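Here, each number is a calculation from the coordinates, and none is a lab measurement. On a predicted model such as this, the values are computed, not experimentally measured, just so you know. Neighbour counts run over all protein chains shown; Cβ positions are idealised from the backbone, glycine included.
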Amino acid sequence: MQQISWDNLPGLEKAGDGKKTALTVGVFDGLHRGHQALIAKITAKAPELLPVVVTFRENPKKFTKTAGKSAKNPRDIIDFKEKIFLMESMGISLCVIIDFSEHFSKMSGRDFLEALNCRLRPAYMALGMNFHCGYRRDTDAGTFKTLAEGLGIEVEIIPPILEWGLPVSSSRIRSALEAGRINEANLLLGRPMV
């Protein structure tokens with residue numbers, strides 16, 4: 001799997017020798033069953049489209065004011081190396097890595113989409129229902145889909161995977177781990193904790 005920094009993306013002439021891409025965007029903390037569903041959607045588009053994940057080296061919540069509001073402890077469920085290894089094992093061809101910065105944090109959702117479109121040429125995108133991007137989370141999944149479809153990009157918003165009637169999420173996994181409920185965390189992850 002090829003890895004490239006977001007900062008080096010402007011120098012990337014053509015991802016995958018000019019092939020259009022199928023991509024998903026997110027933190028992917030833990031790469032739980034919900035994340036796996038997104039990745040399965042984009043890898044199913046290969047070999048016609050190059051499967052690409054755009055992710056963060058560190059959870060942006062560590063750097064924003066939302067960290068205190070939405071998570072007691074924004075530590076990662078798995079480390080970055082394991083995340084990359086798992087993505088490669090799931091069939092991802094290219095991983096674009098964002099090192100969250102003040103400059104990046106000021107980018108609007110529209111500008112983020114335009115950068116993705118310019119350099120990665122997506123034909124298809126899979127997004128989670130709770131997807132947000134842009135300065136102060138200015139763009140939700142529905143708005144992003146509308147903007148992307150205006151550029152000719154097919155966007156599918158994937159419903160959450162439910163377990164016991166609740167969405168599988170990184171927050172639920174963290175809570176289970178903190179409470180010592182390892183079997184529950186494993187169920188939500190779809191694999192045993194290493």
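Numerical summary
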item	result
Sum of -39500 (n - 2.57) over DSSP H runs of 4+, divided by residues of the chain (222 nm, nearest 500)	-10000 deg cm²/dmol
Vicinal HN-Hα couplings computed from phi for segment 147-163 (Karplus, 6.51 cos²θ - 1.76 cosθ + 1.60; Hz; Gly/Pro x)	5, 5, 5, x, 9, x, 9, 6, 10, 10, 9, 8, x, x, 7, 9, 9
Spatial extent of the chain: Rg and Dmax, with the Cα atoms as the point set, Å	16.1, 48
Mean Cα-pair separation over length for segment 32-184, i.e. relative contact order, pairs under 8 Å, 6 or more apart, %	25 percent
Inter-probe distance in nm under a simple model that places probes 7 Å from Cα toward Cβ, at D138 and K106	1.2 nm
